[in-house]
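Participant: My questions all concern the structure below.
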Amino acid sequence: MTERVRAYLQLMKLRIVELLLIATVPTMIFAQQGMPSFWLILNTLIGGTLSAGAAGAFNSYIDRESDRLMKRTSKRPLVTRVVGDREALVFAWVVAIVSVAWFLVFVNVLSAVLTALAIFLYAVFYSIILKRRTPQNIVWGGVAGCMPVVIAWAAVTGTVAWPAMVLFAVVFLWTPPHYWPLSMKYADDYSRAGIPMLGAISPAGKVASQVVLYAWATVICSLLLVPVGGAGWFYASVCLAAGAWFAYQCHRLLHTANAGEPTDKQAMRVFHSSITYLTLVFVSVAVDPFIGGPIL
């Protein structure tokens, strides 16, 4: 793989794409209450990868100046200038157009519309409007990161139903306790770049208390899929166990912050725990239709 090809892939922030796609297939299975067709899953995954990659490329272009000020982003393609600014912008537009067209041709109209909306929310609403204006940027900007579950549901059913909105809300509430601990770790970077991430501008105790509140809200919201979506005992059991473990890690961060101890290590533990937690929740979403007998 040439250096330029690798650089274009880095523009798409594929590690973030992996996290987004964790939610896609399980949501499709739950919407179908069984296995959707292989081709529908494949086409949705391809379209989803392209759309998330386009959003990442737009974000890379928009954040290029602040990335040049941060150690964490010092090796990104636009910082090292392996890819030019104009080239990155053209690439982002091309991938965005292809992703929407892919959904339109191979999936359905609603999923294509939602895909276009998701790219707009991430590139404009979050990256341009919110990110540098409010410490709540990741909360409302996180709406874009919730869109894959709605797109996945629409791909299977051609509609957006209440169970999809519950899963949307789970990802929405999960985003702050996922990202704010990371901003605590890299507070100096964000301060240097002038980005008002909560973890960079607020005391550790205040940030950690918000992380705890959002973590508990996420766990409680996840259980709504039982009465609203008919999820069964397997899903509920996994959500309770994984949620209790995730909340415990968040409480440990709060305890560390209130004790005046260094928080970097526990903040990163919460960050990684949040990824494991969300993965377990959506694995249970996928498995529940096959083995999780109904509770209600």
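Participant: If you roll a 1.4 Å probe over the heavy atoms of the protein chains, what accessible area per residue do you get for the chain, in Å²? Present the calculation step by step, with values, prior to reporting the outcome.
Facilitator: Values: 13060 Å² over 296 residues.
With all protein chains present, the chain gives 44 Å² per residue.
Participant: Right, something else. How large is the dipole of the stretch 159-296 about the Cα centre if only Lys and Arg carry +1 and Asp and Glu carry -1, each at its Cβ, rounded to the nearest 20 debye? Mind dumping the intermediate values first?
Facilitator: Numbers: 6 positive and 5 negative charges, 28 e Å.
Dipole size: approximately 140 debye.
Participant: If you bin every alpha carbon distance in the stretch 156-296 into 10 Å steps from zero, what whole percent lands in each bin?
Facilitator: 13, 39, 27, 16, 5, 0
Participant: Right, next: So which DSSP H runs in the chain come out at 30 Å plus along the axis (Cα) with average Kyte-Doolittle of at least 1.6? Display every interim value, and only then the final one.
Facilitator: Details: long enough: 38-62 (36 Å, 1.11); 85-106 (31 Å, 1.76); 162-185 (36 Å, 0.75); 233-258 (37 Å, 0.49); 264-291 (40 Å, 0.81).
Answer set is 85-106.
Participant: I would also like to ask the following. GNM, the chain, Cα, under 10 Å: largest mean-square fluctuation among Y277, Y248, Y61?
Facilitator: Y248
Participant: Answer rounded, prolate or oblate for the stretch 242-282, using the Cα gyration tensor with square roots of eigenvalues a ≥ b ≥ c: rounded when a/c is under 1.5, else prolate when a/b is larger than b/c, else oblate. Please report the intermediate quantities before stating the final value.
Facilitator: Details: a/c = 5.25, a/b = 2.10, b/c = 2.50.
Because a/c hits 1.5 or more and a/b fails to exceed b/c, the stretch 242-282 counts as oblate.
Participant: Rounded to a whole number, what % of the accessible area of the chain do carbon and sulfur atoms account for, probe 1.4 Å?
Facilitator: Numbers: 8850 of 13060 Å².
Roughly 68 percent of what the probe reaches on the chain is carbon or sulfur.
Participant: With springs connecting C-alpha atoms under 10 Å apart, model the chain as a Gaussian network and identify which of P148, P77, P203 has the largest mean-square fluctuation.
Facilitator: Maximum among the listed residues: P203.
Participant: Now a separate question. Tell me whether the stretch 140-233 comes out rounded, prolate or oblate; compute the Cα gyration tensor, take square roots of the eigenvalues as a ≥ b ≥ c, and use a/c under 1.5 as the rounded threshold.
Facilitator: Numbers: a/c = 4.34, a/b = 1.94, b/c = 2.23.
Because a/c hits 1.5 or more and a/b fails to exceed b/c, the stretch 140-233 counts as oblate.
Participant: Taking a ≥ b ≥ c as the square roots of the eigenvalues of the Cα gyration tensor of the stretch 102-174, is the shape rounded (a/c under 1.5), prolate (a/b larger than b/c) or oblate? Mind dumping the intermediate values first?
Facilitator: Working: a/c = 3.94, a/b = 1.58, b/c = 2.49.
Here the stretch 102-174 falls in the oblate category.
Participant: Let me ask you something else. Quickly work out the S237-to-E3 label distance, labels modelled 7 Å from Cα along the C-beta direction, and quote it in nm with one decimal.
Facilitator: Once both label points are built, they end up 5.4 nm from each other.
Participant: Another question, then. Build a GNM of the chain with springs between Cα atoms under 10 Å: which of I220, I151, I119 gets the top mean-square fluctuation?
Facilitator: Highest fluctuation of the listed residues: I220.
Participant: Let me know the volume per residue of the alpha-carbon convex hull for the chain, in Å³. If you can, show how the numbers build up before the last one.
Facilitator: Values: hull volume 35.1 nm³, N = 296.
So the per-residue hull volume is 118 Å³.
The values are calculated or read from the model by the stated rules, or taken from the named source; none is laboratory data. Everything numeric in this text was worked out from a predicted model, so none of it was measured. Here Cβ is always computed from backbone atoms with ideal geometry, including for glycine, and neighbour counts include all displayed protein chains. Quick note on the areas: whole protein, heavy atoms, side chains included, nothing else; ligands and nucleic acids left out. Shrake-Rupley method; radii C 1.70, N 1.55, O 1.52, S 1.80 Å.
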